[in-house]
Amino acid sequence: MNFKAPVLTVDGPSGSGKGTVGLLLAQRLGWHFLDSGALYRAVGTTAVSQKIDLSNRAALVQLAEHIDIRFIPKAGDDLMAVMLNGEDVGDSLRTEESGRQASIVAAIPEVRQALLQKQHSFRQSPGLVADGRDMGTTVFPDAILKIYLTASAEVRADRRYKQLKDKGFDVNLRRLLDEIRERDVRDAERKASPLKPADDAHILDTSQLDISGVVEQVYRLLQERQRRR
C-alpha cells in the first residue's frame, strides 16, 4: 500500500490570515509546513533581482525548476524563517511589491506546473499543512481537510497595513486596499488554478475572528475528520 502523509490545506485571498493560521496549526500538530505563496514570491523577486522580465516565461520556468526554498521554524514574532538558496529572505518576500510580482508570476500556467512537483515534495510524514490559493483545488485535492479563509477587502488591507508598519515598512492604507482588490480580481480570473474554495472546503469568514479562535476551530474540525476515518 502506498502511504501518503495526511494534508490539511488552508486557502484564501491575501490578508485572510491563512499563513499565520497554517503555521500555528503545523506547529501545534508537529507537521511540516508549506507556504506556497512564498514560492511564487521567491520566483518573482529572484527574477527581478536577475533583471528577468516577468513576461519571459521560459526564464521564469527555469527559475521555478531550480529554486531552493525551505521553511525553518524559529523563535520570535515571525515563527518561521524562509530560506531561499540558503539565505533568510522572509522580510523581503512580505512586501506588497513582492506580492504583486507573485500574482503576475502565478498567472503563468507553465510556472505553476514547474512548481507543482516541488510543492508535492513537502508532503512528508507525519503530515503537512499547506497554505495558498489552490492547495485544496489543484495541488492536494485528496487533503484530509480543506479550509478556505476569507474576510472583507477592508479588513484584509487593515491587517496588512498594521503588519507592515510593525516591521518598519512605509505603507499607505488606501494604496494597500486598491492593490488587494486588484490582486483579488487577478487571482480569481486567471485561467490556471483560479482562486476559489474547493467544493468540499469549510469556508470561514475571519473578519470578526482572532487568529487563536480560527486555529482552535480548524483544529477541532481536523480532530473530527480524523476520528471519522
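Every read-out reported here was derived from the displayed coordinates using simple, explicitly stated rules and does not represent laboratory data. Bear in mind that the values here come from a model prediction, so they are computed numbers and not experimental data. Using ideal geometry, Cβ is built from the backbone for each residue, glycine included, and neighbour counts are taken over all protein chains shown.
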Which of the residues spanning region 41-64 are under 14 Å from residue 98 (Cα atoms) and among the small types (Gly, Ala, Ser)? 42, 44, 47, 49
Elements of type strands (runs of 3 or more DSSP E) contained in region 31-99, each with 3 or more residues being more than 21 Å from residue 7 (Cβ to Cβ): 80-84
For residue 17, work out the one condition from (1) under 25 Å from residue 172 (Cα atoms); (2) buried (at least 17 other Cβ atoms within 10 Å of the Cβ); (3) over 19 Å from the mean Cα position of the chain (by Cα) it doesn't fulfil. (3)
Does region 163-183 include one or more residues that are in contact (Cβ under 8 Å) with a residue 60 or more places away in the chain, under 29 Å from residue 60 (Cα atoms), within 18 Å of the chain's Cα centre (by Cα) and part of a strand (DSSP E or B)? no
Tell me, please, whether a residue that is of a type in the set (A, V, I, L, M), touching a residue at least 12 places away in the same chain (Cβ under 8 Å) and over 28 Å from residue 152 (Cβ atoms) can be found in region 25-39. yes
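Filter region 196-229 for residues that are of a type in the set (Lys, Arg) and in contact (Cβ under 8 Å) with a residue 24 or more places away in the chain; which is surrounded by the fewest Cβ atoms within 10 Å (Cβ to Cβ)? Spell out how you get there, then give the answer.
Residues of region 196-229 that are of a type in the set (Lys, Arg), as a first pass: 196, 220, 225, 227-229.
Filter once more, so that each one left must be in contact (Cβ under 8 Å) with a residue 24 or more places away in the chain: 196, 225, 229.
Numbers: 196: 15, 225: 16, 229: 6.
My answer is 229.
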